[in-house]
1. Would you work out the relative contact order for segment 1-120, in percent, from Cα pairs under 8 angstrom that are 6 or more residues apart?
2. Obtain the nm distance between the two label points defined at Asp284 and Leu14 by a simple spin-label model: each point lies 7 Å from its Cα along the Cα-to-C-beta direction.
3. I need the helices of the chain that pass two filters: whole DSSP H segments spanning 18 Å or more by Cα along the axis, and mean Kyte-Doolittle score no lower than -1.0.
4. Report the full-extension gain for the segment Ala300 to His93: residue separation times 0.36 nm, less the Cα-Cα distance, to one decimal in nm.
5. As an exercise, use a Förster radius of 30 Å and the Cβ-Cβ distance of Ala45 and Asp225 to find the FRET efficiency, rounded to the nearest 0.05.
6. Quick check: convex hull of the Cα atoms in the chain, volume per residue, rounded to a whole Å³?
7. What does the charge count around Thr10 come to, taking other residues whose C-beta lies under 14 Å from its C-beta (Lys +1, Arg +1, Asp -1, Glu -1)?
8. Setting aside same-chain residues fewer than 8 positions from Lys218, which lysines have a Cα under 29 Å from its Cα?
Amino acid sequence: MTTAPATSLTVTRLGGRIGAVVEGVRLGGGLPPETVAAIRSHVLAHKVIFFRGQEHLDEESHEAFGRLLGTPVAHPTVPSADGRYAFPVDSEHGGRANQWHTDVTFVPAHPAFSILRAVTVPPYGGNTLWSNTAAAYASLAEPLRALADGLRAVHSNDFDYAAAHPDADSEQLARYREVFTSTKFRTEHPVVRVHPETGERILLLGNFVQRITGVPAKDSRLLIDLFQSHVERPENTVRWQWRTGDVALWDNRATQHYGVDDSDDHRRTLRRVTIDGDVPVGVDGRRSELLKPEEIPAPAFGLPSGATTAAA
Ligand SMILES: [Fe+2]
């Protein structure tokens, strides 16, 4: 256990490579700058940090806390809840993310941070796992790191939902899919991204990946599975059992996550605020590129992903 001297925050690590519980803070929009700086450094170090007992948060104060870390952005296709920057994750509306993924990688400037707040927690199950994708890269043998460094991959939100969610109700799934893919995005990212704040090399993969550029489909699948298997190794992950009022804050540039779909028909609802990120840069300095459509369309509400990069 370590205590940050500048603030009253207490940090307890959950594993050797990822995850910590942070105590001693009531989240909201009015935190002093030194507390915000400490929270930022803890999430960069531990990749995902957890806060218990934040039941006082609502859509507005959740978003206000997010603004201390950057600029909230809307989901590219799914409308926000209540006209705010709070993306609904709801077991009743297709929101079962039981695939390893990094949020919104089908656009170039995918979010830097995601902040997820538990509203309704099922009586059992519904845990979320996160993986440290910098640790996954570091755990590769040197020749495999060199191979990954030179690859690029296409990510898309237009993938086979039925295959990804074999147990889901098909009508509900069809409706969710229609909304989720109302604009079909294709983005080419480097497979290895250099983190803009920590300088770490990280694997940028997950379930939106379709193909390694310039590699035939079968070899492409083998390569994706090879690198992705290191992301999914238990040593690189942490698992969180939600309670109502919990908040998870993660570095969406250095993690993947997975929502375990094992709560049967019990309802599970969470709200997620995402903070704008910048366009990934590979080891060779090449940036990610949007292949389709020509530009990110304006969302129904608020700023699109990459808004702050475009303005810079
Ligand atoms: Fe997610």
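Bear in mind these aren't lab numbers, they're just calculated from the coordinates by the rules spelled out. Remember, predicted model here, so these are calculated numbers, not experimental data. Cβ sites come from the backbone with ideal geometry, for glycine too, and all protein chains shown count toward neighbours.
1. Once normalised by length, the contact order is 17 percent.
2. Label-label distance for Asp284 and Leu14, simple model: 3.7 nm.
3. Span-like helices, by this rule, are 33-46, 217-231.
4. Result for the pair: 72.7 nm of gain on full extension.
5. That pair, Ala45 with Asp225, gives E of 0.55.
6. Spelled out: Cα convex hull of the chain, divided by residues, is 131 Å³.
7. +2
8. Lys184, Lys292
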